[in-house]
Structures are given as structure tokens and as C-alpha cells.
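The values are calculated or read from the model by the stated rules, or taken from the named source; none is laboratory data. Keep in mind it's a predicted model, so treat the numbers as computed, not measured. Reconstructed Cβ throughout: ideal geometry from the backbone, glycine too, with neighbour counts over all protein chains shown. Surface accessibility is based on the protein's heavy atoms, side chains included, excluding ligands, DNA and RNA. Shrake-Rupley method; radii C 1.70, N 1.55, O 1.52, S 1.80 Å.
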Amino acid sequence: MQMHNSEAVARWLDEQQDAMVRLLSELVDIDSGSYDKAGVDAVGARLTRFLSEHGIDVSVTPNADFGDILRADVGDIRRSGHRHNVLLLGHRDTVFPKGEVSRRPFKIENGRAYGPGVADMKAGLVMNAFVLAAFKKFAPETPIVMLMTGDEEIGSNSSREAIMEEARSAVAVFNAEPGRASGNIVTSRKGMLYCRLDITGKAAHSGVNFTEGVNAIAELGHKIVALHDLTRVEDGVTVNVGLVSGGQSVNTTAPHASAEFEVRFVTNEQRDAVSAAIEAVTAQATVPGTASTLIGKSSFLALVPTDESEKLASQYLGAAEDYGLSIRGEFTGGCADSGFTASVGAPTICGVGPVGGKAHTTDEYIELPTLLQRAQILASTINKVVAAGR
Ligand SMILES: [Zn+2]
């Protein structure tokens, strides 16, 4: 008797637990900071080898500076805006510098796995790769695209277009950021703008020619107050000037000053409003003779829930319940690529990777049993999405 495809997928994944841990340990033990193109591409090469061993081709969009964009698919993929494919999203870069792996390689202790990027998000990549392989084997008609990018931790400047393009044909997007420490997934996220403000003044000896000088630091002081005044904590809009620099010497009127700041918001309308306000603050000089320029360094769009994404979340949470898990979707102030897919209208849920915590720190971990568990729930949700004909 032939097993139903979804049972075959689940059963095969069950048998892959050790193989999943082995692949995870190999990926974690490759340094792949966002600026380490060779490392990010080495992680891609290892994933490519895994996928090709399972009969899945990987296509490469080369990038000169950051990790290449890798894409694999199975099944009856359709393009051109028609919502049809399931999209599994993941990034291969980490926040850690070269050499981090030699200081603290992959290890397992008391049911948790540790190492640079183990939660954010090498475990998520392993999960995606095994789920794709399972469908290729047992339900090969299921249309699934897996995208593996290389610069998420620095704002996805070189991969956002590819992500959004893929999302335009997606009926469901699953971003493999780690599940919350509580076990919950993420159904809404803040967006972010990261900017630099450069101010020029005019240097003069502060004792001899004070009135000939123009102090850029004085102007920066006014601008910091004005920027922080844009914060509306109750609405979820915050502005934080986190770095400042400037000046030449204590007895010179400061010829230059700079600030780096970031803005968080809940909706993309708030983003437009606060952006306009920041432009106005930049243009308005309180200290006569100063000039200011604003440079947008990077940005993330907010993951704003929709009826369709809520429906996807409830399918996922229902699948989790079938595995005896009582979890829910939550909001986080952190940003991720899921904001880009949501912004083009693709039903998106995030934080569907294995459960972990302390991301971006040396204590980063995942709960090892959730590597298989989240793969099972993801596979089961994909089956529900396809069965519902969405
Ligand atoms: Zn991440």
C-alpha cells in the first residue's frame, strides 16, 4: 500500500535527525560574517552540495561584494505575479567576525546546540534544505522555492530585489529566522531606517577669531533633540541617535560633526511620515552657516499582518498543535527580510526556524530537538497550504 505523501515526508524527516545535526555543525563551523564573501559563499557551497545529493539544482546570481544569491526549487513553479509557489527564505551571513569559529566551534550541551549563527540562522537553512529534499523525494509536484541570501545582517541591500521578485509569485512565505525562546513564531515585525547625518561648519580659533567660526557640533545638538522629538513610543515609532562624532580640537569651532541613528516603526505609512520629518530636520539649520546632508545607510520594511498572513499563521499554529505544541504568533521590534515579502503582498510568517535565543551574542543557542520539530511543522503547513489550493 502506498503511503500518503505527507506521511512519507514526515517519516523521512524523522529519520534525518542525525543528518540534520551533522549538516548544522558543518555550516556553523564555517565563518560567514556579512562582509566575508568567501565564507558566506562557502556556506552556500555546502548547502549546494547537500541539495545536489538530493537531486536538486541550485542557481547562482553572482555578487561582487557580498554572498551570491542562491536559489533552488522543486515542483511546478509558476512565475509572473500569479500567487502559486511556496517560498522558503533564509540568509547565510552572520554578525560574527572571521576567527569566531576557531574560538567557539559548534558544540552540544544539555540538549542545546551552540556556535556562531547556530540560531540566526544556520539551523533555519538546514531545516529549509531538508524540507525541500523531503518534498523532492515524496511530493515532487509541490511548488517550493528556497532562496539563500548573503547580506541580511547588514540590511539585505544586495538581495532585497531578488527576495521581493520571488515573493510576487508566492502564495506563502516562511522566513526561517529562529523561533522565539518561548517557542512562538513571529507574525509582525517593526521596520527600520538606519541613517547618517553629516554636518559641516567652519573652523576658527575659538579665542582669536570666535565670530568667524561656525560650530557644527552646536548644530548637531539641536538636531539630536529634534530627531528624538520624533519618537512616539505609544505608536511604536522610535528614533535613537546611537553614535556621534565631530570636532577638531577643543579650541577650534567644530568644522564637522556626524551622527548615526536608527528609526523603528510599525507600519510603512509611519515610515513615510517619519522620513519626511527627518528630511525637514536635516534641511532646517538652527546655527547659521551650517550645512547638513542625510545618508540612508539601510532599511527594512515592517512585517504588517494581513488577513491572508493571519490565515497562514493559523494554518501553521494548527500544524504545531498536531505535534502537541501550543504556541502563538507574536510581535517583535526586530527586523528581517519578511518585511520585504509582506510589502509586495505575499502572505508571510517569520520566526519559523528552530527555537533559539541570545542571537548575535556568544551565548546564542538552539533547542536541538526543535530542528526536527520545526521541519515537521513546516512540511505539514506546506501540505495544508497546497491542499487548501491557495
Ligand atoms: Zn537572521
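Looking at segment 287-303 only, could you name the residues that are outside any loop (DSSP other than H, G, I, E, B) and crowded, with 17+ Cβ neighbours inside 10 Å? Before the answer, list the steps.
First, pick out the residues of segment 287-303 that are outside any loop (DSSP other than H, G, I, E, B): 291-300, 303.
Correct list: SER292, SER299, PHE300, LEU303.
Answer yes or no: is there a residue in segment 43-55 that is under 22 Å from GLU153 (Cβ atoms), small (Gly, Ala, Ser) and not in a loop (DSSP other than H, G, I, E, B). Don't jump to the end; show me each part of the working.
So in segment 43-55, the residues under 22 Å from GLU153 (Cβ atoms) come out as 43-48.
Adding the requirement that they be small (Gly, Ala, Ser) leaves 44-45.
Checking the rest, the ones that are also not in a loop (DSSP other than H, G, I, E, B) come to 44-45.
Among the residues of segment 43-55, at least one is under 22 Å from GLU153 (Cβ atoms), small (Gly, Ala, Ser) and not in a loop (DSSP other than H, G, I, E, B), which makes the answer yes.
Restricting attention to segment 165-187, which residues are open to solvent by 20 Å² or more (accessible area, probe 1.4 Å), in contact with a strand residue (DSSP E or B) (Cβ under 8 Å, 6 or more places away or on another chain) and away from the ligand (no atom under 16 Å from the Cβ)? Break it down stepwise before answering.
First, the residues of segment 165-187 that are open to solvent by 20 Å² or more (accessible area, probe 1.4 Å): 165, 168, 180-182, 187.
This time we only want the ones that are in contact with a strand residue (DSSP E or B) (Cβ under 8 Å, 6 or more places away or on another chain), so: 180-182, 187.
The answer is SER182, THR187.
Condition test on SER298, is it among the polar types (S, T, N, Q), touching a strand residue (DSSP E or B) at 6+ places or on another chain (Cβ under 7 Å) and in contact (Cβ under 8 Å) with a residue 60 or more places away in the chain?
Yes: the conditions hold for SER298.
Of the conditions (1) closer than 19 Å to LYS122 by Cβ; (2) assigned to a helix (DSSP H, G or I); (3) not acidic (Asp, Glu), ASN383 satisfies every one except a single condition; which number is it?
Condition not satisfied by ASN383: (1).
Out of the residues in segment 95-111 meeting the condition of being assigned to a loop (DSSP other than H, G, I, E, B) and either β-branched (Val, Ile, Thr) or free of Cβ contacts under 8 Å to residues at least 40 places away in the same chain (or both), tell me which one is farthest from the ligand (Cβ to nearest atom). First the steps, then the outcome.
Within segment 95-111, the first condition is being assigned to a loop (DSSP other than H, G, I, E, B), and the residues that meet it are 95-99, 104-106, 110-111.
Of the ones still in play, those that are also either β-branched (Val, Ile, Thr) or free of Cβ contacts under 8 Å to residues at least 40 places away in the same chain (or both) are 95, 110.
Working: VAL95: 9, ASN110: 24 Å.
Among them, the one singled out is ASN110.
Out of all the residues in segment 304-341, which are buried (at least 20 other Cβ atoms within 10 Å of the Cβ) and within 16 Å of the ligand (Cβ to nearest atom)?
Listed by number, the residues that qualify are CYS335, ALA336, ASP337, SER338, GLY339, PHE340, THR341.
State all residues of segment 358-390 that are open to solvent by 10 Å² or more (accessible area, probe 1.4 Å), at negative phi and within 13 Å of the ligand (Cβ to nearest atom); if no residue qualifies, say none.
Selection gives ALA359 alone.
Could you figure out which of (1) at pLDDT below 95; (2) under 25 Å from THR94 (Cα atoms) isn't true of TYR365?
(1)
Can you pull out every residue in segment 222-249 that is loosely packed, with under 15 Cβ neighbours inside 10 Å and assigned to a helix (DSSP H, G or I)?
Correct list: VAL225, HIS228, VAL233, GLU234, ASP235.
Find the residue count for segment 72-94, including only residues that are farther than 30 Å from ASP29 by Cα and either in a loop (DSSP other than H, G, I, E, B) or within 16 Å of the ligand (Cβ to nearest atom) (or both).
The initial filter retains those residues of segment 72-94 that are farther than 30 Å from ASP29 by Cα, namely 75-85.
Those still in the list that are either in a loop (DSSP other than H, G, I, E, B) or within 16 Å of the ligand (Cβ to nearest atom) (or both) too: 75-84.
Residues in segment 72-94 being farther than 30 Å from ASP29 by Cα and either in a loop (DSSP other than H, G, I, E, B) or within 16 Å of the ligand (Cβ to nearest atom) (or both): 10 in total.
Looking only at residues that are in contact with a Phe, Trp or Tyr (Cβ under 6 Å, 6 or more places away or on another chain) and more than 14 Å from the ligand (Cβ to nearest atom) in segment 121-159, which one is most open to solvent (accessible area, probe 1.4 Å)?
Pass one, segment 121-159, residues in contact with a Phe, Trp or Tyr (Cβ under 6 Å, 6 or more places away or on another chain): 129, 134, 142, 144, 150-151, 158.
Remaining after also requiring more than 14 Å from the ligand (Cβ to nearest atom): 129, 134, 142, 144, 158.
On the way: ALA129: 0, ALA134: 0, THR142: 8, ILE144: 0, SER158: 43 Å².
Once the filter is applied, the top-ranked residue is SER158.
Any idea which residue in segment 112-139 is farthest from SER52 (Cα to Cα), counting only those that are assigned to a loop (DSSP other than H, G, I, E, B) and either touching a strand residue (DSSP E or B) at 6+ places or on another chain (Cβ under 6 Å) or of a type in the set (Ser, Thr, Tyr) (or both)?
Our first condition is that a residue be assigned to a loop (DSSP other than H, G, I, E, B); within segment 112-139, this holds for 115-117, 139.
Subset that is either touching a strand residue (DSSP E or B) at 6+ places or on another chain (Cβ under 6 Å) or of a type in the set (Ser, Thr, Tyr) (or both): 116-117.
Details: PRO116: 26, GLY117: 24 Å.
The residue in question is PRO116.
Do the conditions hold for VAL101, that is, is it under 23 Å from the mean Cα position of the chain (by Cα), over 26 Å from CYS350 (Cβ atoms) and open to solvent by less than 40 Å² (accessible area, probe 1.4 Å)?
On the way: under 23 Å from the mean Cα position of the chain (by Cα): yes; over 26 Å from CYS350 (Cβ atoms): yes; open to solvent by less than 40 Å² (accessible area, probe 1.4 Å): yes.
Yes.
Could you grab the pairs with beta carbons closer than 6 Å, sequence gap of 6+ or different chains, first residue in segment 263-292 and over 18 Å from ASP235 (Cβ atoms), second one of a type in the set (Val, Ile, Thr)?
Here the result reads GLY289/VAL214; THR290/ILE199; THR290/VAL214; ALA291/THR200; SER292/ILE199; SER292/THR282, each pair linking segment 263-292 to a residue that is of a type in the set (Val, Ile, Thr).
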